[in-house]
Each structure stands twice: as structure tokens, then as C-alpha cells.
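Note sheet for the following structure.
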Amino acid sequence: MNIIKKSLTVVGVVLIVCFSLQAQIPAPPQQQSVAITGATIYTVSDGVISDGTILFDDGKITAIGTGLEIPENAERYDATGKYVYPGLIYAYTNMGLTEIGAVDVTSDFNEFGQINPNVRAEKAFHPESEHIPVARSHGVAVSLSSPSGSTISGLSAAMLMDGWTWEGMTLRAPIGLMINWPMITGTDNNARNQLEEFKQAFDNARAYKKARSVSEEHRIDMRWEAMIPVLQREIPVVVQANNARQIREAITWAESENLRLVIVGGRDANYVSDQLIAKDVPVIVTPVITSPGRPWQGYDEVYSHAAGLHKAGIRFAVSGEYGSANAMRLRHHAATAAGFGLPEDEALKAITLYPAEIFGLSDRIGSLEIGKDATLIVTDGDILDLRASVEQMFILGRKIDMADKQKNLFERYREKYRQLSDE
């Protein structure tokens, strides 16, 4: 009887979650040329254009500058007094992989076991997540959705914030193999075993790759098959590590395995800057708005972390918290870094161009250039000024509906109190 009650409870929770999801209507493919005129355009890669025009057609930017000839059939978007930026990139998140943290059945970013290289984030991505339109409202156009939890958690994917299916929303996948580097302290044999287990996994993957190259009839193992792009340096290993010892160990290991390496977190990165620079290892700073990890550190230790990386010459990008519910705070993290020493143009690049470059996406996104995707935002102010609002987003030239649950609730309760005041 108790089992039946528990089963009914789980079914009820699932139904509540499903019915609470607001139906999203993705934008259709771009049908005609679009011209955004009169804007201050932040190209990110090539300066700022005042009173500029940006043209795009078939999802690609075709012209950008001043005094451009606009095609007669183009749809005009008057952005006089507005600002245009590339769509923001959320560099480390479980966007689309979870809905309600307290309800396990709505989360799919952590698999059982410690060695899960064959997990693919895009295949678990939920296109109708309520977090997606909220992220769009705050400028996030692309999320680098990543599994987590295991020592080898799986493959991350660059996902567009609009579309009917995960296939249509996948910009590029895979883009990295996610690894949580064990923190070994004292006689922590469990962490040591995890470290040896994942190192053994790479040995197995290399042996498998060699066997497959000799004979295509060799039995396919999806775990090791998924690691071949990593071994061939097509995509990096993305290692979650904060402690200086963890970072040094990861750098040494990646060099010995001839792998491309990206560090996520990197709280102690400034203490090992020489190694990071020598090996050209980039760091994804996440998060910025948080307290220091040690009692002797100053209150601004994390706030100024990105500025320290920039000053040291370490390649970096800025991300927010891992949880997708905090996507609205991505630009807050960049703005905080700017408030504590990071130049504003670097802060903007840290949430646009730099993550695109680190993960091999800069041929399509991250800056506004002819030939790149028309994935951009229009704002009523400086994107790093938290008073500014994102008025419109275009993804692959498609004009996106900017409604979201938070806006709907705001209008709902504003009307409630308007009605109460009339009584």
C-alpha cells in the first residue's frame, strides 16, 4: 500500500511539473532581410559603431557599419538610442538539464557511476524548460550545457535558447568532456581511487582507439567511442578544479596525455598563473558573486579574481552559478568583475567572445562580424549596467518572443493590485 501511495505521489509531482510548463512557440526561420538601424553596435571584436546599422539575412550577418544601403524588402528595426550586442554565452550550466532542484525526476545532469563519458548533454536537453525564456530575457542566447556529478560526467553541448527540439537547438556538440578532479587530502583513499579509476579510463580509451584503427570490426564500446574526439584534441577536457593542487595536477596530467585542457572554477588560478600561461590553459571563472573560500582572504577575493587573471595574461571567461535558475545573473557576474578591476571591454568579452574562442565556437558566435550567425540582442542601455533591459533577441536571424514566466507573473500581480485599488 505504501508503495502505491509513493508511486502516485511521484506521478502527481510529474503531472504538476508538466502542466506548469508554459507552452513556448519557437520563432520560424528568418523569412526576409532584417536591418537594425540607429543603434550603438558593440561588435566586441572590432570596436563600437555609433549610429550604426546591422543587416542580416538567412540567419547570417551580411553587413555592419554606417551609411549602409538597406534592401527594399528588408524589415526595419529602429534601434535609435539603443545598444546592440552579440548574444551572451552561459559558459558552464545545467540549462535544459534540470527544472526543479527539489524534484529528482525533473533533473537529468548526473548519472550513476563515476565513469560516464558517453553521456551527451544535448540528448537530455528539455526544449520547453521555463528557465530558457527567463535566460533569454537577460541576454543569454547560447548555453554551454554540461553534465556534472561523476568523475567523468559526460559531454557538454552548445545549445541555442530557442527551438522545437533538442536537435534544432544544438549549435554544436560535443564541445568538451566534463571531469571533476578529485580533491585528495591526507589519507582519503576514496578520492585516490577515483583518480586512478578515471586515469585508467583514459588508458582504456586509448587502447580502444588503437584497436578500432586496426579493425573496424572491433566491438563498439560507447564509453570509449565518446572519448575519441578528446584523444584527437578535437575537443578539450573541461576540469572542475578550484584548489591550487588540483589545478597543478590537472595541468600535469593533461600534458602527459597530450590533451587540450580547460579549467572550470579555478579559484586558486592566480597562484599557479605561470603554469596556466606556459601551457595556455584557459579558465572559466564561476561564480564571481560569492564569498571567499578561506577566512584569511579579503571580501573581494572572488570579485577581483577575473581582473587578476586578465592582469596575469591568463585566458579566461566568466560564467555564473551552475544552476540554470540563475541564468538571469550572468551579466551581473561580469559587471561585478568590472566593478572590481576588470576593464569593461574585457568583462563584455568574458561573456561573449572569450567563451566562444575557448570552446571553438567563435566562427559562429561571440562577436558581430560579417558571415557570423545573426545571434544578437538589443538593449535599452549598457549591458553591464544592471538597470538596462534586454528588449529584443535574434537567434540565427529569428526574432524571438521575449515573454517569460517572470514577466507574466509581474503583469498578473500588477493587475491584481490595480483591481484591488479600484475597489
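The values are calculated or read from the model by the stated rules, or taken from the named source; none is laboratory data. Keep in mind that this is a model prediction, so the values were computed, not measured. Ideal geometry is used to build each Cβ from the backbone, glycine not excepted, and the neighbour counts take in all protein chains shown.
Quick rundown of the values:
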item	result
ALA158 vs. criteria under 19 Å from LEU261 (Cβ atoms), under 16 Å from the mean Cα position of the chain (by Cα) and either of a type in the set (Gly, Ala, Ser) or surrounded by fewer than 21 Cβ atoms within 10 Å (Cβ to Cβ) (or both)	yes
Any hit, segment 87-97, residues being surrounded by fewer than 21 Cβ atoms within 10 Å (Cβ to Cβ) and on the phi < 0 side of the Ramachandran plot	no
Every residue from segment 343-388 that is charged (D, E, K, R), crowded, with 24+ Cβ neighbours inside 10 Å and either over 15 Å from the mean Cα position of the chain (by Cα) or not assigned by TED's automatic domain parsing to the domain that holds LEU309 (or both)	ASP373
Selection status of PHE340, modelled with pLDDT of 95 or more and surrounded by 24 or more Cβ atoms within 10 Å (Cβ to Cβ)	no
Residue within segment 203-212 that is of a type outside the set (S, T, N, Q), within 17 Å of the chain's Cα centre (by Cα) and in a helix (DSSP H, G or I) present	no
Within segment 222-236, considering residues that are touching a residue at least 40 places away in the same chain (Cβ under 8 Å) and within 16 Å of ALA173 (Cβ to Cβ), the one surrounded by the fewest Cβ atoms within 10 Å (Cβ to Cβ)	MET222
Some residue of segment 397-410 being at pLDDT 95 or above and in a loop (DSSP other than H, G, I, E, B)	yes
Residue check, GLU69 loosely packed, with under 15 Cβ neighbours inside 10 Å, over 25 Å from GLY360 (Cβ atoms) and out of contact with any Lys or Arg (no Cβ under 9 Å at 6 or more places or on another chain)	yes
Within segment 123-150, considering residues that are without any contact (Cβ under 8 Å) to a residue 60 or more places away in the chain and surrounded by fewer than 22 Cβ atoms within 10 Å (Cβ to Cβ), the one nearest to GLY320 (Cα to Cα)	GLY149
Qualifying residue in segment 323-332 (condition: among the hydrophobic types (A, V, I, L, M, F, W, C), closer than 18 Å to VAL262 by Cα and under 18 Å from the mean Cα position of the chain (by Cα))	no
Candidate set: segment 334-376, residues that are in a helix (DSSP H, G or I) and charged (D, E, K, R); chosen: the one farthest from LEU396 (Cα to Cα)	GLU344
Only listed residue being surrounded by 16 or more Cβ atoms within 10 Å (Cβ to Cβ) and outside the structural domain of SER324 (by TED's automatic domain parsing), chosen from VAL48, VAL34	VAL34
Segment 323-336: number of residues that are modelled with pLDDT of 95 or more and touching a Ser or Thr at 6+ places or on another chain (Cβ under 8 Å)	2
Strands (runs of 3 or more DSSP E) contained entirely in segment 1-95, each with at least 2 residues that are of a type outside the set (Lys, Arg), over 25 Å from the mean Cα position of the chain (by Cα) and modelled with pLDDT of 90 or more	34-42, 48-57, 60-65, 75-78
